[in-house]
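Notes follow the structure.
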Amino acid sequence: MKTLLKYTVVVIVSQLFQQCSFSQNNPSKNNSPTMDTTKKNNPVYSNIDTSKVTLTEEEWKKILPSDVFYIARQKGTERPGTSKFEYFKEIGTYYCAACGNALFKSDTKFESGCGWPSFYEPISKGSIIYTPDNTHGMQRTEVQCGRCKGHLGHVFDDGPPPTGLRYCINGVVLDFEKAKEAEKNYKEKPGQ
Ligand SMILES: [Zn+2]
């Protein structure tokens, strides 16, 4: 009798468990990873493709969110202190929000107090283009994305060691991906 009771309990418990795991698994089938709406209409966006992107301003306007278009294509500047990335400390990689080009690693980020996300070194030599900028009565060096030539910000020579440089970047034109997620995506798309 005791054995039968034990058996019944085991059967009920295991059925409960099955139902439980079923109801947990079921919704995930319909739950595809959340798509980032900023890239839905952007055919040139890629974290892996390094080929240069040349589009007309009209074409950029169609595929970029207005705030990214204003900074990347019209050389705008976001208001200081408004970027979520200014005091952001997660470990990972920063990409160009217009084309997906890798720009900076989080370990070269520092808090400069200037009001914009700041880095002391780009991820690679080719990731950034430097252009003299003499507008607004100042002599500055503009930094642009090495892949799409989108405006990112400026570089100054008052940064910390080892480079002594301060890349002062508009957070609007940065995308961030956590280290593990970046690695996973890379493995999933090895051929691209
Ligand atoms: Zn870019």
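The values are calculated or read from the model by the stated rules, or taken from the named source; none is laboratory data. Bear in mind that the values here come from a model prediction, so they are computed numbers and not experimental data. With ideal geometry, Cβ positions are generated from the backbone for all residues, glycine too; neighbour counts draw on all protein chains shown.
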Hey, could you check the range 106-119 for residues that are closer than 24 Å to Lys149 by Cβ and part of a loop (DSSP other than H, G, I, E, B) and say which is farthest from the ligand (Cβ to nearest atom)? Cys114
How many of the residues in the range 50-98 are assigned to a strand (DSSP E or B), within 11 Å of the ligand (Cβ to nearest atom) and among the hydroxyl-bearing types (Ser, Thr, Tyr)? 1
Within the range 62-107, which residues are charged (D, E, K, R) and touching a helix residue (DSSP H, G or I) at 6+ places or on another chain (Cβ under 8 Å)? Asp67, Arg73, Glu78, Lys84, Glu86, Lys89, Glu90
Confirm whether Ser32 is assigned to a loop (DSSP other than H, G, I, E, B) and modelled with pLDDT of 95 or more. no
Run Leu103 past the list (1) within 15 Å of the ligand (Cβ to nearest atom); (2) more than 15 Å from the chain's Cα centre (by Cα) and report the number of the one that doesn't hold. (2)
By residue number, the members of the range 155-180 that are in a strand (DSSP E or B) and either of a type in the set (Asp, Glu) or out of contact with any Ser or Thr (no Cβ under 6 Å at 6 or more places or on another chain) (or both) are Phe156, Tyr167, Ile169, Leu174, Asp175, Phe176, Glu177, Lys178
Can you find a residue that is within 18 Å of the chain's Cα centre (by Cα) and either surrounded by fewer than 19 Cβ atoms within 10 Å (Cβ to Cβ) or over 28 Å from Pro161 (Cβ atoms) (or both) anywhere in the range 56-64? yes
